[in-house]
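What follows is a short report on a single structure.
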Amino acid sequence: MTSTDSGNAPLAVQMRGIVKRFDDLVAVNDVDFDLRAGEVHALLGENGAGKTTLMNVLSGLLRPDRGHILLNGEPTRIRSPRDALRRGIGMVHQHYRLVHGFTVAENIHLGWDASPTVLTPARIEERTRELSDRFHLDVDPAARIWQLSVGEQQRVAILRTLARGARILILDEPTAVLAPGETDKLFGMIRQLSSESGRTIVFISHKLEEALEISDRVTVLRGGRHMGTHAAEDCTPRMLSQEMVGRSIEFTRQREPVELGENALVAEALSTTDDRGLPALREVDVTVRAGEIVGVAGVAGNGQRELSETLTGLRALTAGRIQVGGQDLSRAHARDFLAAGVGHIPEDRYASGLVLTESIEHNAILRAFQHPPVRRGPLLIQGAARRFARMLAKTVGLSISDVSAPVRSLSGGNAQRLLTGRELNASARVLVVVHPTRGLDIGAIEEVQQVLLRARATGVAILLISEDLNEVMRLSDRILVLYRGAIVGEFTDPEQFNLEEIGLLMGGALAAAS
């Protein structure tokens, strides 16, 4: 909980009777929401609960259909995000609004009234470094956004909003890609912003323990309605989860013993380069046995994406060897990895995993459309494709009535369930999973993790790459720590996994762990 005493502070924001509809869907239903000056206020709820929609109204991205907003006691109409920023309200979204062809420094200064009159690369890169040091957010000012990992892009988005001097800062899942040490720094920055400079912070997160640690108050939404606002000190994770989803959530993994099989995936001395041609992996060794989950922990930008892409045939090796089920795939194409029984859940389900313009049915059969019963000779059998999609949806608990609906109509949790089910169906031997629960609510997180554990029990070898250390520790049988493209530590006993030690290695402490 924050150190600031905001209990008697004046109200910086009052949202009264907010209603927001999208056609027949009432996303926010008569919600009241208050923010006190200088407080950190956690906003919790499942995907589709209305929390992001409510904050989009406050940040000017959406206009309410009914209700009103008061800032510092004065009635206010917020007409756009730029208007909101002028009033001191800024929001960092889950899907970062950055120009991918521009550099980090250019994104920081784009559209900023306080940009220098003469915009030279050297000047704006220098200012970006100063901001980066000030807020403890490590970014490369000269890098282009498309070259960055998702976690690095998040840091840029946070930095850009802070640079514009937002007095009310809305952070949507800000710790999703941070190591424990980085989370501590972020929390320190949040506490400083709230206690020393009086900024008001909205902290949206699915990590209940973190929300309780950093916040003064907690508000829960469910189904577009306000379920309650509480002092953080009066809450427990179990209480909040019950309020969020209407049922109890299992917070600890029930570790079922599984007899490990043969080596399903063997990667030796893997080396490759990133999109800039710089070394990304340095002689990495990875072995995963049938029925085993091997977790790869690391801070964003340390080679995780390149590792997942080399192990699924999407990125060429510069050196090293990959075997799947004894078959050499070191120089193979992605289709050869698929034929060998390798599935892949990429880090960005929307950019790389699903085709948003196509239907649920077409996305479900992407890995199966060339094989019976979906395909017969040169023909795609529509009835079989529809039955396959419905079977897949049922297997992963996807509640849908029409598989012909566009996949973009699915919530984040349902989209991830569809992707996970499709790849598990394709992965007879190995599943490479990257950030499987990023951005999901606690109910969806539990369901996706249970799907992975069931796959483990059937003998699938799973390589789990995640920057969420709690998730890695909860699911893994072994943990490898990746730092600057190299394995710097291995932990082999789940009962002895040490969060602090793993976190130090993720941050660059190179003492060997075993």
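The values are calculated or read from the model by the stated rules, or taken from the named source; none is laboratory data. Quantities reported herein were computed from a predicted structural model and do not represent experimental measurements. Counting neighbours? That spans all protein chains shown, and the Cβs are built from the backbone with ideal geometry, glycine included. To get the accessible areas, we keep the full protein, side chains included, count just its heavy atoms, and leave off ligands, DNA and RNA. Shrake-Rupley method; radii C 1.70, N 1.55, O 1.52, S 1.80 Å.
Listing for the model above:
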{"read-out": "Length-normalised contact order of the range 98-164 in % [C-alpha pairs under 8 Å, at least 6 apart]", "value": "47"}
{"read-out": "Furthest towards positive pole of dipole, 504, 370, 463, structure part the chain, Cβ charges", "value": "370"}
{"read-out": "Over the chain: helical MRE at 222 nm, DSSP H runs n ≥ 4 each giving -39500 (n - 2.57), nearest 500", "value": "-9000 deg cm²/dmol"}
{"read-out": "Point-charge dipole on Cβ atoms (K/R +1, D/E -1) for the range 98-164, about Cα centre, debye to 20", "value": "140"}
{"read-out": "Share of carbon and sulfur in the accessible heavy-atom surface of the range 133-177 [1.4 Å probe, %]", "value": "42"}
{"read-out": "Taking the range 380-471 and dividing mean pair separation by its residue count, relative contact order in percent (alpha carbons under 8 Å, at least six apart)", "value": "27"}
{"read-out": "Fraction of the pair-distance distribution of the range 98-164 above 20 Å, Cα-Cα pairs, percent", "value": "15"}
{"read-out": "For the chain, Kirkwood radius (reciprocal of mean inverse C-alpha pair distance, Å)", "value": "24.1"}
{"read-out": "Cross-link partners of residue 185 among lysines (Cα-Cα below 27 Å; sequence separation of 8 or more within a chain)", "value": "51, 207"}
{"read-out": "Sites matching GluC sites (Glu not before Pro) across the range 222-330 that sit in DSSP coil, with at most 16 neighbouring C-beta atoms within 10 Å", "value": "250, 259, 262"}
{"read-out": "Accessible surface of the range 1-129, 1.4 Å probe, proportion on carbon and sulfur as whole %", "value": "48"}
{"read-out": "Rounded tilt (10° steps) of 442-457 against the dominant C-alpha axis of the chain", "value": "10"}
{"read-out": "Accessible area of the range 279-359 belonging to carbon and sulfur atoms, whole % at 1.4 Å probe", "value": "45"}
{"read-out": "Placed amide H near residue 465: partners under 5 Å, 5+ positions off or other chain", "value": "296, 433, 434, 435"}
{"read-out": "Average accessible area per residue (Å²) across the range 98-164 - probe 1.4 Å, nucleic acids and ligands excluded", "value": "47"}
{"read-out": "Per-residue HN-Hα couplings for the range 223-234 [Karplus 6.51, -1.76, 1.60; θ = phi - 60°; Hz; x = Gly/Pro]", "value": "x, x, 10, 7, 9, x, 10, 9, 5, 4, 5, 8"}
{"read-out": "Under the Debye formula (equal points on every Cα, no solvent term), log10 I(q)/I(0) of the range 358-405 at q = 0.25 Å⁻¹", "value": "-0.86"}
{"read-out": "Amide H within-cut-off set for residue 200, under 5 Å, with H built and near neighbours excluded", "value": "38, 168, 169"}
{"read-out": "Sparse-neighbourhood loop sites, GluC sites (Glu not before Pro) in the range 188-229 - DSSP loop, at most 16 other Cβ within 10 angstrom", "value": "196"}
{"read-out": "Solvent-accessible heavy-atom area per residue, rounded to whole Å², over the range 358-405 at 1.4 Å", "value": "60"}
{"read-out": "Relative contact order, percent, the range 358-405 [alpha-carbon distance under 8 Å, six or more residues apart]", "value": "44"}
{"read-out": "Per-peptide average of other Cβ atoms within 10 Å, ordering 482-494, 421-433 highest first", "value": "421-433, 482-494"}
